[in-house]
1. Kindly provide the set of residues from the stretch 250-289 that are farther than 30 Å from residue 141 by Cβ and in a strand (DSSP E or B), ordered by number.
2. If we only count strands (runs of 3 or more DSSP E) wholly inside the stretch 180-249, which ones have 3 or more residues that are open to solvent by 60 Å² or more (accessible area, probe 1.4 Å)?
3. Considering the stretch 47-81 alone, what residues qualify as being surrounded by fewer than 16 Cβ atoms within 10 Å (Cβ to Cβ) and among the hydroxyl-bearing types (Ser, Thr, Tyr)?
4. Output the residue which, of all residues in the stretch 99-126 that are outside any strand (DSSP E or B) and in contact with a helix residue (DSSP H, G or I) (Cβ under 8 Å, 6 or more places away or on another chain), is surrounded by the most Cβ atoms within 10 Å (Cβ to Cβ).
5. Only residues that are within 11 Å of the ligand (Cβ to nearest atom), more than 21 Å from residue 304 (Cβ to Cβ) and outside any strand (DSSP E or B): list them for the stretch 52-98, please.
6. Quick one: residue 40 ticks every box in (1) more than 11 Å from the ligand (Cβ to nearest atom); (2) touching a strand residue (DSSP E or B) at 6+ places or on another chain (Cβ under 9 Å); (3) open to solvent by 10 Å² or more (accessible area, probe 1.4 Å); (4) in contact (Cβ under 8 Å) with a residue 40 or more places away in the chain except a single one, so which number is it?
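The values are calculated or read from the model by the stated rules, or taken from the named source; none is laboratory data. Predicted model, so just to flag it, every value in this text is computed and none were measured. Counting neighbours? That spans all protein chains shown, and the Cβs are built from the backbone with ideal geometry, glycine included. We work out accessible area using only protein heavy atoms, side chains counted, and drop any ligands, DNA or RNA first. Shrake-Rupley method; radii C 1.70, N 1.55, O 1.52, S 1.80 Å.
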Amino acid sequence: PTGVIEADAVIIGAGPVGLFQVFELGLLEIKAHVIDSLGAVGGQCVELYPDKPIYDIPAVPSCTGQELTDNLLKQIEPFEPTFHLGQEVTKVERRDDGRFDVETTAGTQFIAKTIFIAAGVGSFQARTLKVDGIDVFEGSQLHYKVKDPAQFEGKNLVICGGGDSALDWALNFVGKAESVVLLHRRDDFRAAPASVAKMKALCDDYEMQLLIGTATGFETSADGKLEHLKVTAADGVTRRVPLDMLLVFYGLSPKLGPIAEWGLDIERRQLKVQNTEKFETNVPGIFAVGDINTYPGKKKLILSGFHEAALAAFGAAPYIFPDKKIHMQYTTTSPKLHKVLGVE
Ligand code: FAD
């Protein structure tokens, strides 16, 4: 079929380990496609702690999650990886010719010789609002992310959550939306203290409203629109809050998801690798690196993932170059590596 991408290597996950996998494959002259369900690269480092310093990357005394990611991107630039972001890999199926059919939620299709699963703790998905039946409004009046802020201007908004996303968007929409109600289950916020102070000041000025309570139900209008959210407060009283749009920021939770259905050996939500020589799974040609894998002595550290990526690349090379003898070379001194790195 047309549009199918034939690839030597497909990397599932653009966290630090998936990114470094590009580098290690690149040194062996293997080009990679990288897929991530998130819209940005960096995995946990960017999603969970972009501004926090990491102190245990060898020879880097301190760098933030975002800086580590930016440096990895710079390091892999010579290898020109192709990124496919904002799409989850749903299908991995072995073909009769030993290669794999790979497919994403965006409909991107690959035929891959080798696969590197660097999926960390699984693909991050928004934690949903647990109110029976309210999911039918997802995408119309119930949103877990803001794609187009203009959509919410002039509307009566209820924003749920107590973290940075909830507070940032609430503050952003004050003055642009018709009304902004922030709903959080308790008067204690994970968000930056400065944002919390700003929010409370706006509430004192009647520019927005803070409700402490839990969403427990909803009411619809005659034409089936979401009209009221029922909010139960700590005193047990349930109030009806009118709204046009409901924004929920309960954070992201990782899901192993489709990976569980690809016929791979799984032990406590991790992929078992055959050995620590190649980090290959029970399916020949599929390797698992970084937080997603498990083996005796496994430590979920970035530096362990980097090492695994190097050995997995050597382990995979025979699938791509069956007749080539692969030697390890030093980047300092090898003219061949200088050539692939573009530093001749
Ligand atoms: P991840 O970073 O989890 O990235 C995996 C990526 O795969 C994600 O972006 C995900 O969306 C994607 N993905 C998963 N499934 C799919 C799918 N089916 N389709 C498409 N994409 C998919 N480690 C250290 O070494 N030092 C530290 O100081 C340190 N501090 C930390 C602090 C915090 C708060 C946390 C939470 C972790 C810390 N870690 C630290 C751990 C470190 O972040 C992880 O070891 C590292 O991120 C693992 O990298 P990874 O590439 O294996 O996976």
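1. Selection gives 266, 267, 270, 271, 272, 280, 286, 287, 288.
2. Those strands (runs of 3 or more DSSP E) span 214-220, 238-242.
3. Scanning the stretch 47-81 gives 49, 55, 62.
4. Selected residue: 119.
5. 86, 87, 88
6. (1)
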